[in-house]
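Note sheet for the following structure.
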Amino acid sequence: MSIIKEATNEEANRRHMIDGLLLPNDVTDERVIEAIEKVNRESFVPEERKGVAYIDKSIKVADGRYMMDPLSFAKLLSEADIKADELALDVATNTGYTAAVLSKLVDAVVAIEENKTLSETATKNLADEDCDNVAVINSTHTYGLAKQGPYDLIFINGMIDEVPKALLEQLNDGGRILCIINKDGFGRASLVTYNDKILGVRVLFDAMAPKLKGFEKEEKFVF
């Protein structure tokens, strides 16, 4: 007698998001799709917002902090040619969802979160999801975590004005930063490199996300 396992609501919701949103919009990296399918997004969303965990919008997880919309996140990952033996830094991990997905793609993930409550929530969520190759550190986002680097991949969870030099200098040779850069009020999903101290920015697609505090451009005074 064969036993057919029925999909849970969470699994069905994930599959619907993949089939109805990600695949029709150029998310074609099979490893990225598999990683997203393995992680229950609802587990990382506040209780009162679990019903909208899979909508194509950023979701508020704390005051001034948001989980990136699933399509922008998936498309960014798909553009990075991520390898299984890489080390990733997840900047502003929020409740840990981005780190959980990255943990299915790379050898190890360092996730930094400067909000202590969120860092504690992320640690618990990741433990509940058996993401044992992720270390969550309560640390300032713009500083990164040089002592654990250098990193092959750095993901920044939110829209920023510019990439801090501290993060650029924590990249390995051939390393990449995935982020959404604010350009005159419009978001540009970008892949940033810093090989031989030469900055490279490749715009991937248009995307909007709530701004991540601390990454503003410094004001330049004109005399």
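So which residues in the range 107-124 are open to solvent by 10 Å² or more (accessible area, probe 1.4 Å) and part of a loop (DSSP other than H, G, I, E, B), if there are any at all? Listed by number, the residues that qualify are 107, 114, 115. Contact annotation: residue pairs with Cβ atoms under 6 Å, 6 or more positions apart or on different chains, pairing a residue in the range 101-119 that is in contact (Cβ under 8 Å) with a residue 12 or more places away in the chain with a partner that is of a type in the set (D, E, K, R) and assigned to a strand (DSSP E or B), are 102/90; 109/90; 111/90.
Look at the range 169-187 and say how many of its residues are hydrophobic (A, V, I, L, M, F, W, C), closer than 22 Å to residue 85 by Cβ and either open to solvent by 10 Å² or more (accessible area, probe 1.4 Å) or not in a strand (DSSP E or B) (or both). Within the range 169-187, residues that are hydrophobic (A, V, I, L, M, F, W, C), closer than 22 Å to residue 85 by Cβ and either open to solvent by 10 Å² or more (accessible area, probe 1.4 Å) or not in a strand (DSSP E or B) (or both) number 1. For the range 155-168, the tally of residues that are hydrophobic (A, V, I, L, M, F, W, C) and not in a strand (DSSP E or B) stands at 4.
Among the residues of this structure, residue 190 does not count as one that is surrounded by 13 or more Cβ atoms within 10 Å (Cβ to Cβ), free of Cβ contacts under 8 Å to residues at least 40 places away in the same chain, assigned to a loop (DSSP other than H, G, I, E, B) and out of contact with any Phe, Trp or Tyr (no Cβ under 7 Å at 6 or more places or on another chain). Restricting attention to the range 24-48, the residues that are open to solvent by 40 Å² or more (accessible area, probe 1.4 Å), more than 16 Å from residue 84 (Cβ to Cβ) and acidic (Asp, Glu) add up to 4.
Going through 147, 213 one at a time, which residue ends up being open to solvent by 40 Å² or more (accessible area, probe 1.4 Å), of a type outside the set (Asp, Glu) and part of a loop (DSSP other than H, G, I, E, B)?
Residue meeting the stated conditions: 213.
Per the listing 196, 206, 161, 130, the residue uniquely over 15 Å from the mean Cα position of the chain (by Cα) and in contact (Cβ under 8 Å) with a residue 40 or more places away in the chain is 161.
Among the residues of the range 83-105, the ones that are open to solvent by 10 Å² or more (accessible area, probe 1.4 Å) and among the aliphatic types (A, V, I, L, M) come to 2 in all.
For residue 41, the conditions (1) of a type in the set (D, E, K, R); (2) over 26 Å from residue 193 (Cα atoms); (3) more than 13 Å from the chain's Cα centre (by Cα) are fulfilled apart from (3).
Select from the range 49-58 the residues that are aliphatic (A, V, I, L, M) and outside any helix (DSSP H, G or I) and write down the one among them that is surrounded by the most Cβ atoms within 10 Å (Cβ to Cβ). So, considering only residues that are aliphatic (A, V, I, L, M) and outside any helix (DSSP H, G or I), the one surrounded by the most Cβ atoms within 10 Å (Cβ to Cβ) is 53.
The values are calculated or read from the model by the stated rules, or taken from the named source; none is laboratory data. Small disclaimer: the values here were computed from a predicted structure and weren't measured. Heads up, the Cβs are rebuilt from the backbone with ideal geometry, glycines too, and the neighbour counts pull from every protein chain shown. For the accessible areas, the whole protein counts, side chains as well, though only heavy atoms, and no ligand, DNA or RNA atoms are used. Shrake-Rupley method; radii C 1.70, N 1.55, O 1.52, S 1.80 Å.
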